[in-house]
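Report on one structure; see the data block that follows.
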Ligand code: ZN
């Protein structure tokens, strides 16, 4: 099934997630539905909070980029298999810094420049209930940090500088009023 994605202004986005005790068939089904919902909206990542659930789960799928020389599809993190489903994720290491534009399915039409770590190491349960560790850089590292924020009830709007907030104030107001 497809979920409706909750947008800014809905209090459910501020809820902190509850750790998953065990990856069961119900959890695997939730992950599949979240992936379907994310693909239907052309998103790169989605957290359970954004579909009104409170399990500590997020899904990510970064499409390959075109290699500049050969034009062939190329992944920035070739060792990481997509899609990535993270249950109870925890960042154990952050390195470096990257500054880039970030969007969010809960903030349609809004893009903000956000500073993030360039590389992160994340520990999580996979769909087989095994503890795994992934090291990611670039866009995938950015997506992991963004989705983990959601699981803590932290949103894109919290990453905005006062100047950025003023620039998108009208759009934020419309979202709060549900007139997107
Ligand atoms: Zn988001």
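The values are calculated or read from the model by the stated rules, or taken from the named source; none is laboratory data. The model shown is predicted, which means the values in this text are computed figures rather than measured ones. Neighbour counts run over all protein chains shown; Cβ positions are idealised from the backbone, glycine included.
Tell me which residues, restricted to region 58-73, are outside any strand (DSSP E or B) and touching a strand residue (DSSP E or B) at 6+ places or on another chain (Cβ under 6 Å).
Restricting attention to region 58-73, the residues satisfying the condition of being outside any strand (DSSP E or B) are 61-64, 67-72.
Matches in region 58-73: 64, 67.
Determine whether region 162-180 contains at least one residue that is surrounded by 20 or more Cβ atoms within 10 Å (Cβ to Cβ), closer than 16 Å to residue 47 by Cα and within 16 Å of the ligand (Cβ to nearest atom). The answer is no; no qualifying residue exists.
When residue 175 is tested against (1) at pLDDT below 95; (2) part of a loop (DSSP other than H, G, I, E, B), exactly one condition is not met: (2). Scanning region 6-57 for residues being assigned to a helix (DSSP H, G or I), within 14 Å of the ligand (Cβ to nearest atom) and in contact with a strand residue (DSSP E or B) (Cβ under 7 Å, 6 or more places away or on another chain) gives a total of 4. Scanning region 127-161 for residues that are away from the ligand (no atom under 16 Å from the Cβ), farther than 18 Å from residue 19 by Cβ and touching a residue at least 60 places away in the same chain (Cβ under 8 Å) yields 137, 138.
In the set 124, 107, which member is away from the ligand (no atom under 16 Å from the Cβ) and at pLDDT 95 or above?
Values: 107 fails: away from the ligand (no atom under 16 Å from the Cβ).
The conditions single out 124.
Restrict the check to region 63-74 and report whether at least one residue is buried (at least 16 other Cβ atoms within 10 Å of the Cβ) and either under 15 Å from the mean Cα position of the chain (by Cα) or within 14 Å of the ligand (Cβ to nearest atom) (or both). Talk me through it step by step, then tell me what you get.
First, pick out the residues of region 63-74 that are buried (at least 16 other Cβ atoms within 10 Å of the Cβ): none.
So far as region 63-74 goes, no, none of its residues is buried (at least 16 other Cβ atoms within 10 Å of the Cβ) and either under 15 Å from the mean Cα position of the chain (by Cα) or within 14 Å of the ligand (Cβ to nearest atom) (or both).
One line per residue, one yes/no per condition, for (1) touching a helix residue (DSSP H, G or I) at 6+ places or on another chain (Cβ under 7 Å); (2) outside any strand (DSSP E or B):
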residue	(1), (2)
108	no, yes
120	yes, no
123	no, no
128	no, yes
135	no, no
148	no, yes
153	yes, yes
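Does residue 101 satisfy the condition of being loosely packed, with under 14 Cβ neighbours inside 10 Å and within 14 Å of the ligand (Cβ to nearest atom)? Even if it seems obvious, please write down each step before you answer.
Values: loosely packed, with under 14 Cβ neighbours inside 10 Å: yes; within 14 Å of the ligand (Cβ to nearest atom): yes.
In short, yes.
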